[in-house]
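The values are calculated or read from the model by the stated rules, or taken from the named source; none is laboratory data. Since we're looking at a predicted model, the values are computed, not measured. In this analysis, Cβ positions are derived from the backbone assuming ideal geometry, glycine residues included, and neighbour counts consider all displayed protein chains. Surface accessibility is based on the protein's heavy atoms, side chains included, excluding ligands, DNA and RNA. Shrake-Rupley method; radii C 1.70, N 1.55, O 1.52, S 1.80 Å.
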Amino acid sequence: MMTMMIKFLLLTLLVISPICAEKDLMIKECNNAQVPTICMQCLESDPISVHADRVGIAEIIIHCLDSRLHIITNNITNLLSRERKREVKTVLKACENELSTVGSHTLSEAETALTTGDYDKTAKSIKIALGIPHGCRYELQRIKFESFELYSQINIYTQLSDAAMRIIDRF
């Protein structure tokens, strides 16, 4: 009985130790971000993250960026369906189009560059993709359109972009 208990404890330690070590890597990488909690939430949403190396962690964050981009685009689509002012509709439509085409394509380029080891191109693509929702927010605020939810989603996107850039800058 005692031998079985010792084997069980050793097996448990062997299984838990690598996960804790990888979780430490996640924490270390996210601690360099301006908002570590957003970075950790992203990584913890993907079960593969506990086994990822630094490049894998950056790749997961790019996936989170892409998901967030879809959330922002859907939010804009919903706003478009309810909006009556022509000027606001024009800006929202332009944002929706640019986010769904250029934004998604640019993040796809970032992921490809990451997997080939072209980290400068990865960072450049993330920066370009970040400019799109920032440009939308600027244009919407310029015409005095307010949407707490949309701007909040863009802020999260910005924080994830920052996390990705800081991780990639350290490669």
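Test of the criteria: in segment 103-158, which GluC sites (Glu not before Pro) are in a DSSP loop and have at most 14 other Cβ atoms within 10 angstrom of their Cβ?
For GluC sites (Glu not before Pro) across segment 103-158 that sit outside H, G, I, E and B with at most 14 neighbouring Cβ atoms in 10 Å, the list reads GLU146.
Could you state the accessible area per residue of segment 103-169 in Å², with a 1.4 Å probe and every protein chain left in place?
It amounts to 49 Å² per residue over segment 103-169.
Pick out, in residue order, every one of the trypsin sites (Lys or Arg not before Pro) in segment 24-86 that is DSSP loop and has at most 10 other C-beta atoms within 10 Å; say none if there are none.
ARG84
Express the Stokes-Einstein translational diffusion coefficient of segment 125-171 in µm² s⁻¹, to the nearest whole number, given a Kirkwood radius over alpha-carbon pairs, 10 °C and a viscosity of 1.306 mPa s.
Value of D from the Cα-based Kirkwood radius: 139 µm²/s.
Filter the trypsin sites (Lys or Arg not before Pro) in segment 89-152 down to the DSSP loop ones having no more than 14 other Cβ atoms within 10 Å, then list what survives.
LYS144
How far is helix 54-82 tilted, in degrees, relative to the longest principal axis of the Cα atoms in the chain, given as a value from 0 to 90 rounded to the nearest 10?
30 degrees
Would you compute, from DSSP H runs of 4+ residues alone, the mean residue ellipticity of the chain at 222 nm, taking -39500 (n - 2.57) per run and dividing by the full residue count, rounded to the nearest 500?
After summing the helix terms and dividing by the residues of the chain, the value is -28000 deg cm²/dmol.
What's the angle, to the nearest 10 degrees (0 to 90), between helix 119-142's Cα axis and the longest principal axis of the chain?
Once rounded, the angle reads 40 degrees.
On the principal axes of its Cα set, how long, how wide and how thick is the chain? Give whole Å, largest value first.
76, 35, 23
Measuring from the lowest to the highest alpha carbon on each principal axis, how far does segment 64-136 reach, largest first, in angstroms?
Each principal axis gives a Cα extent; for segment 64-136 these are 47, 18, 14 Å.
Between segment 61-82 and segment 117-171, what is the separation of their alpha carbon centroids in Å?
Taking the Cα centre of each part, segment 61-82 and segment 117-171 sit 12 Å apart.
May I ask for the angle, rounded to the nearest 10°, between helix 2-30 and the longest principal axis of the chain, with both axes built from Cα atoms and the value confined to 0 to 90°?
The two axes meet at around 30 degrees.
If the elastic network links every pair of Cα atoms under 10 Å, which of SER45, SER108, SER81 fluctuates the most in the Gaussian network model of the chain?
Comparing SER45, SER108, SER81 in the GNM, the peak value goes to SER81.
Contact order normalised by length for the chain, with contacts defined as Cα pairs under 8 Å and 6 or more residues apart; what percent is it?
Computed over the chain, the figure is 29 percent.
Need one number: nm distance between label points at SER108 and ILE143, each 7 Å from Cα along Cα→Cβ, rounded to one decimal.
Between SER108 and ILE143, the label points sit 2.8 nm apart.
Using θ = phi - 60° and the Karplus relation 6.51 cos²θ - 1.76 cosθ + 1.60, list the HN-Hα couplings for segment 159-171 in order, rounded to whole Hz, with x at every Gly or Pro.
5, 5, 4, 4, 4, 4, 4, 5, 5, 5, 4, 8, 6
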